[in-house]
Amino acid sequence: MSTSAVRRRSRNSLRAELPLILWLVVVWGALWGDWSIGNLVFGLLLALLVTRLLTLPPVRLSGRFNVVHFALFVLTFIWQVAKASFRVFWLAVTQGPRVRNAVLRVPLRQNNDLLMTAVGHTMALIPGSLVVEVDRGNGILYFHVLDISTPEQAEAFRRSALDIEAAWIRIMGTREDLKLLTVVGDPDNTEATGALESPAHEMDEAGTGHGEERS
């Protein structure tokens, strides 16, 4: 049997790769900062080229995709990017180099390649944090985070990353991944829809009452 035949047989179906294709289109629009129909269509063509024509190892997908959660995710993601951009601008004007930053370790619930990539890129595309290292085997992401002055703010950022992971699990996680989400009423609850909460907002709430520790 030829190598090409083996590769064709191992390739995911177009339906199975739909979440990956849509995610690539979102990343394309975010990277260019252009959400026009023409740019998104061009991004879609590139995503199809990458996933269907190039020789790549098949990405393991769940076979499920929640359109409602994804639509809510896109709308709130754009809003959170706009808010975070203004916040970073305000910090640059008011605090400048006096802003305290930190590198934070965030253990995720799972170590699925696609979900870890989705979480890392989502957090990185919202201004204020950047992925600096990935521990794939243990499902851990390391972030450089802007404006961290207290342990409470650090913990709030970790919770926000887990909320985003929960959102992605609800969008395209496996049934097993869904079982990893905590139940309503749990004190460590990270029950989430596709809507994104602002990491900066949670950090600011955690920082309330700790003004004397902020520079």
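Assorted remarks:
- Taking 7 Å steps out from each Cα toward its Cβ at residue 100 and residue 35 produces label points 3.5 nm apart.
- For the range 26-136, diffusion coefficient by Stokes-Einstein and Kirkwood Rh (Cα), 4 °C, 1.567 mPa s, µm²/s: 78 µm²/s
- Each principal axis of the Cα cloud of the range 67-184 was taken in turn, and the coordinate range along them, longest first, works out to 46, 30, 26 Å.
- For the range 125-185, trypsin sites (Lys or Arg not before Pro) are listed when DSSP marks them as loop and at most 15 other Cβ atoms sit within 10 Å of their Cβ; the list is 136.
- Here the range 88-123 is scanned for amide nitrogen atoms under 20 Å from the site 7 Å beyond the Cα of residue 142 along Cα-to-Cβ, giving 100-113, 116-123.
- Modelled label reach - residue 92, point 7 Å along Cα→Cβ, the range 107-139 residues with backbone N closer than 19 Å: 124-131
- Sequence-distant residues sharing a close amide H with residue 140 (under 5 Å, placed H): 108, 135
- At q = 0.14 Å⁻¹, base-10 log of I(q)/I(0) for the range 14-53 (Debye sum, equal scatterers on each alpha carbon): -0.26
The numbers here are math on the coordinates, done by the rules we state, and not lab data. It should be emphasised that the depicted structure is a prediction, and the values quoted were computed from it without experimental measurement. Glycine also receives a Cβ, built like all others from the backbone with ideal geometry; neighbour counts cover every protein chain displayed.
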